[in-house]
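**Q** Quick one: this structure, given as structure tokens, is what I'll be asking you about.
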Amino acid sequence: MTVPLLEIQDVSAFYGNIQALKGVSLDVNRGEIVTLIGANGAGKSTLMMTVFGSPRARDGEILFEGKPITQLSTHAIARLRIAQSPEGRRIFQRMTVLENLQMGASVDGSAHFEEDLARVTQLFPRLRERLTQRGGTLSGGEQQMLAIARALMSRPKLTLGELNRQGMTIFLVEQNAFHALKLAHRAYVMVNGVITMSGSGRELLARPEIRQAYLEGGRH
Amino acid sequence: MDYFVQQLINGLTLGSIYGLIAIGYTMVYGIIGMVNFAHGDVFMLAAFIALILFLLLMQVLGGLALGLALVIVLLLGMALTSLWGWVIERLAYRPLRGSFRLAPLISAIGMSIFLSNFVQLVQGPRNKTLEPILSNVLVFPVGEGSVTLAEKQLVIMVVTAALLGVLWYVVRYTSLGRAQRACEQDRKMASLLGVDVDRTVSLTFIIGAMLASVAGLLWMMYYGVVSFSDGFVPGVKAFTAAVLGGIGSLPGAVLGGLLIGLIETFWSAYFTIDYKDVAAFSILAIVLIFLPSGLLGRPDVEKV
């Protein structure tokens, strides 16, 4: 069996004295879309950030392509081509669209910049029209496009966040459980910092407890 | 009229030096939100480094190659001062990053005291003087009278303008500049995109120290005298300039520096010299009442 792209082994993480992750294990294979669902505050975003070492895992090990990255600094982890498209978009408001995309490419250097720029502006023609505009002047939807485009500029091997695109490995953290489960090859359910269930997206969609907790009466 | 133009020249000269120092305050504040109170002392240290290097070089080269000596002092001084800037950040500030907000500030005050005492110990408490250099003057007729522009004033303004041009290019168009601006806006996101935040902060301190180093050399050249306590008043003035212009804003720091230089000079020229600092700080207070974020600063509240 091949090594998973990302392996999270029994990881615990803390914010101050509060334990946000309690021995979480999870893995993501190449070319797979894996989703993590759970209520607000269950620890989904924390897990995503722990992959980047912030907060750092206190126990357990995180492996990327079979190599431990638990102790690496955030930027060094990003340079392994793990991209993140965070929930709040977090684009650089006072930099132009082009500069935001250049920031996304800083991992990759300038070798493929023109090519990648052409690729993402083809994907989001709206951004091409706005290359010299400041990020902060874009509409909410355009900022979301920019956040995704910026993540793509680094030619990521693994993308964490609210993304969906074929042919890439994506580790999806989602509040909208219905969408996430439909998209994903595999899914994990997280409750209070613990993984309580896992399986294929289809399987989880069929489970009555999932339907009850996350789908019916919840957000679709 | 000629008197006015003369004061304008003097004010712009002084303001250029303040502006160069102010940039160091404003850049560091922009990127890590900290007032580097030791920056004025880095400037003072730079003036001493410039003086020592200059005297050494004059011994070696003889009185022949003044221009060459100054260029070497400029470059070597920048290198040595930026080394100090780097070490200070490494030792006194970086270990405190992520600690409570006041910690690095207190550490900076400590570093400032350390630097001035260190220089007092190794160089002695007395003023150090330098024979006047570049004191040839150009005389222009203005109105009925005439205005003099000393060579050194010209050098100060030209060097300042050139450095600002280089700095503007670096911040605007290089990957270092982009990384600095990204860190300034969202340090966490910048690191998620692979920016080495610590390195970027280090480089910011180094750039600030380099500019302070040039300011120190120009100060030394202009006034011909420096003392261990010279970090304080020019430092506070430059900090005031940064606040006046809007702390965090590079054009603001330059504008603030020029304004403080002009206010001080014009006040001394038309009123009493004893109150020149009062005038400068009063104008700061008045501006901040009406524009709390300074002339070119961004208001704190941002649209989300």
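**Q** What's the average, rounded to a whole number, of partner chain beta-carbon atoms within 10 Å of each residue's beta-carbon in A:75-81?
**A** 4
**Q** Roughly what % antiparallel, to the nearest 5, for the DSSP beta bridges in chain A?
**A** Values: 21 of 38 bridges.
Approximately 55 percent, going by the DSSP bridge assignments.
**Q** What size of dipole, in debye to the nearest 20, comes out for chain B about its Cα centre when the only charges are +1 on Lys and Arg C-beta atoms and -1 on Asp and Glu C-beta atoms?
**A** Dipole of chain B, to the nearest 20 debye: 860 debye.
**Q** Below 8 Å, C-alpha to C-alpha, sequence gap of six or more: please give me the relative contact order for segment B:24-233 in percent.
**A** Rounded, it is 43 percent for segment B:24-233.
**Q** Another one. Among the helices of chain B (complete DSSP H runs), which have Cα atoms covering no less than 24 Å along the helix axis and a Kyte-Doolittle mean of at least -0.5? Numbers along the way, then the final one.
**A** Details: long enough: B:2-32 (45 Å, 1.09); B:39-61 (32 Å, 2.22); B:66-88 (32 Å, 2.30); B:102-123 (31 Å, 1.51); B:151-173 (33 Å, 1.32); B:197-223 (38 Å, 1.31); B:250-270 (30 Å, 1.34).
Qualifying helices: B:2-32, B:39-61, B:66-88, B:102-123, B:151-173, B:197-223, B:250-270.
**Q** Something else now. Based only on other Cβ atoms within 10 Å, what is the fewest-to-most ordering of A:Met95, A:Met153, B:Met157?
**A** B:Met157, A:Met95, A:Met153
**Q** Quick check on the exposure proxy: order A:Glu203, B:Glu131 from fewest to most C-beta atoms within 10 angstrom. Walk me through the intermediate numbers first.
**A** Numbers: A:Glu203 14, B:Glu131 9.
So the residues, fewest neighbours to most, are B:Glu131, A:Glu203.
**Q** A follow-up question, please. Which percent of Cα pairs goes in each bin when the distances of segment B:86-203 are cut into 10 angstrom slices starting at zero?
**A** 11, 21, 25, 24, 15, 5, 0
**Q** From the helices alone, meaning DSSP H stretches of at least four residues, give me the mean residue ellipticity at 222 nm for chain B, per-run term -39500 (n - 2.57), in deg cm²/dmol to the nearest 500.
**A** -24500 deg cm²/dmol
**Q** Could you please state, rounded to a whole Å, how far the C-alpha centre of segment B:45-104 is from the C-alpha centre of segment B:169-238?
**A** Comparing the Cα centres of segment B:45-104 and segment B:169-238, I get a distance of 13 Å.
**Q** Excluding B:Met221 itself, what net charge comes from residues whose Cβ is under 15 Å from its Cβ, given Lys and Arg +1 and Asp and Glu -1?
**A** It works out to a net charge of -1.
**Q** Which longest run of chain B has no exposed loop site in it, a site being GluC sites (Glu not before Pro) in a DSSP loop with at most 15 other beta carbons within 10 Å, and the site itself not part of the run?
**A** With GluC sites (Glu not before Pro) excluded where exposed in loops, chain B gives B:145-301 as its longest stretch.
**Q** Which of the peptides B:113-119, A:206-212 is most tightly packed, and how do the rest follow, judged by the mean count of other Cβ atoms within 10 Å per residue?
**A** Taking the mean over residues of other Cβ atoms within 10 Å, the ranking is B:113-119, A:206-212.
**Q** While we're here: What does the structure give for A:89-102 when I average, per residue, the other chain Cβ atoms found within 10 Å of the residue Cβ?
**A** Partner-chain Cβ atoms within 10 Å, mean over residues of A:89-102: 4.
**Q** Take the alpha-carbon centre of segment B:5-21, take the same for segment A:4-77, and report the distance between them in whole Å.
**A** A separation of 55 Å, based on Cα centres.
**Q** Taking the alpha-carbon distance from A:Lys182 and a cut-off under 22 Å, which lysines remain once sequence neighbours fewer than 8 residues away in the same chain are dropped?
**A** Within reach: A:Lys44.
**Q** Still on this model: Where Rh denotes the Kirkwood radius from the mean inverse Cα pair distance, what is Rg over Rh for segment A:97-155?
**A** 0.93
**Q** Considering the convex hull of the alpha carbon atoms of chain B, report its projected area averaged over all viewing directions, in nm², one decimal. Let's see the in-between values first.
**A** On the way: hull surface 70.3 nm².
Across all orientations, chain B yields a mean hull projection of 17.6 nm².
**Q** For peptide A:148-157, how many partner chain Cβ atoms fall within 10 Å of a residue's Cβ, on average?
**A** On the way: counts 0, 0, 2, 2, 0, 1, 2, 0, 0, 0.
Per residue, the number of nearby Cβ atoms from other chains is 1 on average.
**Q** With Cβ to Cβ distances under 15 Å as the rule, what net charge do the other residues near B:Tyr18 carry (K, R +1; D, E -1)?
**A** -1
**Q** Report relative contact order for segment B:117-170 in percent, whole number only (criteria: Cα-Cα under 8 Å, sequence separation at least 6).
**A** Over segment B:117-170, the number comes to 22 percent.
**Q** Among B:Val60, B:Gly124, B:Ile72, which residue has its Cα furthest toward the positive end of the charge dipole of segment B:40-169, with +1 on Lys/Arg Cβ and -1 on Asp/Glu Cβ?
**A** Going by the charge dipole, the pick is B:Gly124.
**Q** If the cut-off is 20 Å between C-alpha atoms, which lysines fall inside it for A:Lys157, apart from same-chain ones fewer than 8 positions away?
**A** Qualifying lysines at Cα under 20 Å: A:Lys67.
**Q** Quick one: order B:Ser191, A:Ser45 by neighbouring beta-carbon count within 10 Å, fewest to most.
**A** Ascending number of Cβ neighbours within 10 Å: A:Ser45, B:Ser191.
**Q** With a point put 7 Å past each Cα toward its Cβ, work out how far B:Val236 is from A:Asp10 in nm, to one decimal.
**A** Here the answer is 6.0 nm between the modelled labels.
Read-outs: derived from the displayed coordinates by stated rules, not from any lab. In this text the structure is predicted, and so the values were computed from the model without any measurement. So basically every Cβ, Gly included, is an ideal-geometry build from the backbone, and we count neighbours across all protein chains shown.
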